[in-house]
Amino acid sequence: MAEELKAKQLISKINEFTENNNIDMLCTLLDQQRTSRLAEVMELLEGDRNAVILGCLPKEEASEVFEKLDEATRAELYELLNIRQLKTLIYELDPDDAADILSELPPSASEHLLRTMKPDESETIKNLMQYSDDSAGGIMDPLFLSVPKGSTAHEAIELLKIQESDEDFYAVYVVDIEGVYLGDVRIRNLLSAEPEQKIEELIEENSLSVSVFFDQEEIKNIFSKNDLIAVPVVDGNNVLVGRITADRVLEVAEEEAAEDIYTIAGTDAEELYDTSVFRAARIRMTWLVPCLIGTGVTAIVMLFFKNSHTEVYTVAAAFAPMIAAISGNAGLQTSAVVICGLATGHMAALNLGQVFIREARIALLIALSCGVIGGLIYTGLSDVLGNHTPDSGLNYMMVSAAFGIAMSASVMVSTTLGLFLPFLFKKIGIDPAISSGPLVTTANDSISVSIYLFTTLAFLG
């Protein structure tokens, strides 16, 4: 609460100073703030005021704030800042951050900015931009500390001393004459070694490296399982090309979690990065239109029974939502467990057979429990509401039994879908989180209602 109050007070002051054109007071106020706080506040302000804020800050701080902003806020600033101002902001960024920002700009603008840079800096950024945004190459930092095989510990320490970069280095990477990665040496071990000891003798036994083509989610899992601070990145020829640090992996974890949540909800994380409400509506409708079609299928099934088997429909229709809701939620629980396991890279979750044995037993117990409880609820409500009379021609006990069996069958079908679809989607290269979205939930509804009505009809002849 205290942080929220401070943020509101800061926004109020910024609005006051910008409205009164009191730039000196604004600059004094901003000089007292952390860059992370300024980035959070700017995401709540209008674009023109954000441009004024960046103009008040020193170049290095302005670049740091600009990099911390979300993509939607940066997109607004792209419209307000000219090429010269953008160039000033990007020049102060590390190559990996500069590559991320340039990839958001139209190709013509990014190419123009690259042409204004020094050839070596431009080449480094271009190399980073060739990789997918969600790959190891796309998130790596090209700045690293390497020494050739055959160097001594003393020579490696001297190399550390003359580094001009303000980056934090946690290890020295050892390479051969062609730049092929051989292993890493912890700084602690380097400092405690004899000055003339060969660097290759200090290489960690289980040195890890990742390929530039690894997915960022896979990188996140590697860091988590091995308690890493940094990991070297190699190309297809095992040549050392960069490194990934833990702070970047934290950003990746946040991005992946947000993407999964939006996918499960039936939308897309892209709408966060776009200020257009029409685009956001279009993204959501992309998911909702198939849902409308799916619910239409359910309606067709219901109408078929109403027209062909009126008496059965009258008895059974009131309880169809219960079947759809319970089976859908049961399937969602199963898919959520599987998706979480796949996302975190747990070996148990990657083994379909092992997961199937466990989830099938759970699903069977849930299905039987829901079937029995559902049948009893159906019987009790039928008695209370008096929907069945002795001369109605229907045996409500048979309908109750049909309801219980249909509930069990629907839950089993839904949990089976929730189990297999994430594996199937992952196999064909689709985000498994989609299997928990509205599309599959709607399919579960249609299937479960159809099972229920056909089972009821079969029991009643």
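The values are calculated or read from the model by the stated rules, or taken from the named source; none is laboratory data. As the structure is a computational prediction, the values presented were derived from the model and not from experiment. All Cβ positions, even for glycine, are placed from backbone atoms using ideal geometry, and neighbour counts span all protein chains on display. The area values use the complete protein model at the heavy-atom level, side chains included, leaving out ligands, DNA and RNA. Shrake-Rupley method; radii C 1.70, N 1.55, O 1.52, S 1.80 Å.
Considering only residues of the range 109-136 that are assigned to a helix (DSSP H, G or I) and small (Gly, Ala, Ser), which is surrounded by the most Cβ atoms within 10 Å (Cβ to Cβ)?
So the residue we want is Ala136.
In the range 186-212, what count of residues is obtained for those that are open to solvent by 40 Å² or more (accessible area, probe 1.4 Å), hydrophobic (A, V, I, L, M, F, W, C) and over 22 Å from Val239 (Cβ atoms)?
1
Ile139 is checked against (1) within 30 Å of Ala257 (Cα to Cα); (2) exposed (fewer than 15 other Cβ atoms within 10 Å of the Cβ); (3) in contact (Cβ under 8 Å) with a residue 60 or more places away in the chain and fails just one. What number does that condition carry?
(2)
Only one of Leu38, Leu93, Leu86 is part of a loop (DSSP other than H, G, I, E, B) and buried (at least 17 other Cβ atoms within 10 Å of the Cβ). Can you tell me which?
Step by step, each of Leu38, Leu93, Leu86 is checked, and only Leu93 is part of a loop (DSSP other than H, G, I, E, B) and buried (at least 17 other Cβ atoms within 10 Å of the Cβ).
Within the range 48-56, is there a residue that is more than 23 Å from Glu104 (Cα to Cα), surrounded by 13 or more Cβ atoms within 10 Å (Cβ to Cβ) and modelled with pLDDT of 85 or more?
yes
Would you mind telling me which numbered condition in (1) at pLDDT below 85; (2) part of a helix (DSSP H, G or I); (3) not basic (Lys, Arg) Glu60 fails?
(1)
Please go through the range 142-169 and give me each residue that is within 21 Å of Leu93 (Cα to Cα) and surrounded by 15 or more Cβ atoms within 10 Å (Cβ to Cβ), ordered by number.
Result: Pro142, Leu143, Phe144, Leu145, Phe169.
Is it the case that some residue within the range 134-151 is over 27 Å from the mean Cα position of the chain (by Cα) and among the charged types (D, E, K, R)?
Checking the range 134-151: at least one residue is over 27 Å from the mean Cα position of the chain (by Cα) and among the charged types (D, E, K, R).
Identify, please: which residue in the range 213-252 is open to solvent by less than 10 Å² (accessible area, probe 1.4 Å) and under 16 Å from the mean Cα position of the chain (by Cα) and is, among those, farthest from Ser146 (Cα to Cα)?
Of everything passing the filter in the range 213-252, Val252 is farthest from Ser146 (Cα to Cα).
Which number in (1) hydrophobic (A, V, I, L, M, F, W, C); (2) under 30 Å from Gly429 (Cα atoms); (3) in contact with a Lys or Arg (Cβ under 9 Å, 6 or more places away or on another chain) marks the one condition that Val175 misses?
(2)
Quick one: is Leu5 outside any loop (DSSP other than H, G, I, E, B), of a type outside the set (Phe, Trp, Tyr), within 30 Å of the chain's Cα centre (by Cα) and modelled with pLDDT under 85?
yes
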